[in-house]
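Scroll down for the structure; my scribbles are underneath it.
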Amino acid sequence: MEIERKFLISSLPGDLESYPFHQIEQGYLSTEPVVRIRREDEAYYLTYKSKGLMVREEYNLPLTREAYLHLLPKIDGILIAKKRYLIPLRENTSSKETQNAELTIELDIFEGELAPLVLAEVEFETEEEANEFIPPEWFGEDVTYSSKYHNSVLSQRKP
């Protein structure tokens, strides 16, 4: 189960280069249901995602590099390229469960056809945690409930 909130970002943190990151490319074999292939650095995955906005079923299966390269020409839409920074975030909420929980901001800086789009995602253990989340001041509009910011939808964007 994936429980996440998603936000547009208009200004990046100043110390961005001090955080670890992954270079990601991903394409969609299907957008309904969502079936994705992804290269994250030198790891490869096939992912199925159910319908949903904040809460979705998600299954990741490892792929070999050869299987990924075999499937790559079969994607529908554009190949998404992005740099994903992993920024630790200490959340402060009134809930005893989530107070001082360690969360990670996954900050995606899109490259190529989707540049200059920047999105931040934060994943949670429970829906309650997600609903109580107070984003940092540098986060922009909450687009959690807008399917137009799902990567599967972005992959269908016409150049």
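Odds and ends about this structure:
- Normalised contact order of the chain, rounded percent, pairs of Cα under 8 Å and 6 or more residues apart: 30 percent
- Cα gyration tensor, the chain - rounded (a/c under 1.5), prolate or oblate: prolate
- Label point of LEU89 set 7 angstrom out along Cα-Cβ; within the range 112-131, amide nitrogens under 12 Å from it belong to 119-124, 130-131.
- Given 16 as the ceiling on other Cβ atoms within 10 Å, longest exposed-site-free region of the chain for GluC sites (Glu not before Pro) in DSSP loops: 1-41
- With contacts taken as Cα pairs under 8 Å at a separation of at least 6 residues, the range 1-76 carries a relative contact order of 29 percent.
- Subset of LYS49/LYS148; LYS51/LYS82; LYS6/LYS51; LYS6/LYS49 violating a 18 Å alpha-carbon distance limit: LYS51/LYS82
- With the simple spin-label model, which puts each label point 7 Å out from Cα in the Cβ direction, the MET54 to LYS148 separation comes to 2.1 nm.
- Test item: Cα-centred dipole of the chain, Lys/Arg +1 and Asp/Glu -1 on Cβ, debye: 760 debye
- Computed [θ] at 222 nm, helices only, for the chain once each DSSP H run of length n ≥ 4 contributes -39500 (n - 2.57): -2500 deg cm²/dmol
- To put it simply, the accessible area of the chain at a 1.4 Å probe is 52 percent carbon and sulfur.
- Given their separation in residues at 0.36 nm each and the Cα-Cα distance between them, GLU128 and HIS22 gain 35.3 nm when the chain is fully extended.
- Considering only LEU103, VAL118, VAL153, and ranking their Cα positions along the charge dipole of the chain that arises from unit charges at the beta-carbon of Lys, Arg, Asp and Glu, the one farthest toward the positive end is VAL153.
The values are calculated or read from the model by the stated rules, or taken from the named source; none is laboratory data. For clarity, every value in this text was computed on a predicted model and none was experimentally measured. All Cβ positions, glycine included, derive from the backbone under ideal geometry; neighbour counts span all protein chains shown. Heavy atoms of the whole protein, side chains included, go into the accessibility calculation; ligands, DNA and RNA do not. Shrake-Rupley method; radii C 1.70, N 1.55, O 1.52, S 1.80 Å.
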